[in-house]
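Scroll down for the structure; my scribbles are underneath it.
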Amino acid sequence: MKTLLTEREAAAVLGCSIHKMQKDRRTGSPIPYKKIGRSVRYDPCDLQAYLQQQTFTSTSAYSDVPAHGGVHSLAILKRQDCLGGKNDLC
């Protein structure tokens with residue numbers, strides 16, 4: 001079984017604060033997370049997929065990316081690559 005990351009570990013991987021992670025979950029997180037009792041856990045593959053989606057070549061490139069709506073379906077495609085062992089976090 002794969003090790004899931006705590007909220008603190010996920011924030012460290014993404015280079016953001018725990019507060020931002022909590023705020024994103026309240027407002028509709030683009031990163032899938034798991035609730036185990038009261039604990040929040042993140043799959044490293046989901047973090048890797050999110051980071052890959054945040055790669056742009058110009059400032060106009062990210063204006064076409066949906067704020068939260070389309071991110072989940074992109075994450076599923078990237079997650080399939082991750083499950084194949086092609087990403088570092090997984």
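Screening THR6 with (1) hydroxyl-bearing (Ser, Thr, Tyr); (2) modelled with pLDDT of 95 or more; (3) buried (at least 18 other Cβ atoms within 10 Å of the Cβ) gives one miss only, at (3).
When the helices (runs of 4 or more DSSP H) confined to the stretch 1-56 are screened for residues that are touching a Leu at 6+ places or on another chain (Cβ under 7 Å), those reaching at least 3 such residues are found at 7-14, 44-53.
Criterion applied to CYS90, CYS45 was being surrounded by 17 or more Cβ atoms within 10 Å (Cβ to Cβ), of a type outside the set (D, E, K, R) and at pLDDT below 90, and the one residue passing it is CYS90.
Pairs are defined by a Cβ separation below 6 Å, a sequence spacing of at least 6 or placement on different chains, a first member in the stretch 23-39 that is in contact (Cβ under 8 Å) with a residue 12 or more places away in the chain, and a second member that is part of a helix (DSSP H, G or I); the pairs so defined are PRO30/VAL71; ILE31/ASP46; ILE31/TYR50; PRO32/ASP46.
The values are calculated or read from the model by the stated rules, or taken from the named source; none is laboratory data. Remember, it's a predicted structure, so these values are computed and weren't measured experimentally. With ideal geometry, Cβ positions are generated from the backbone for all residues, glycine too; neighbour counts draw on all protein chains shown.
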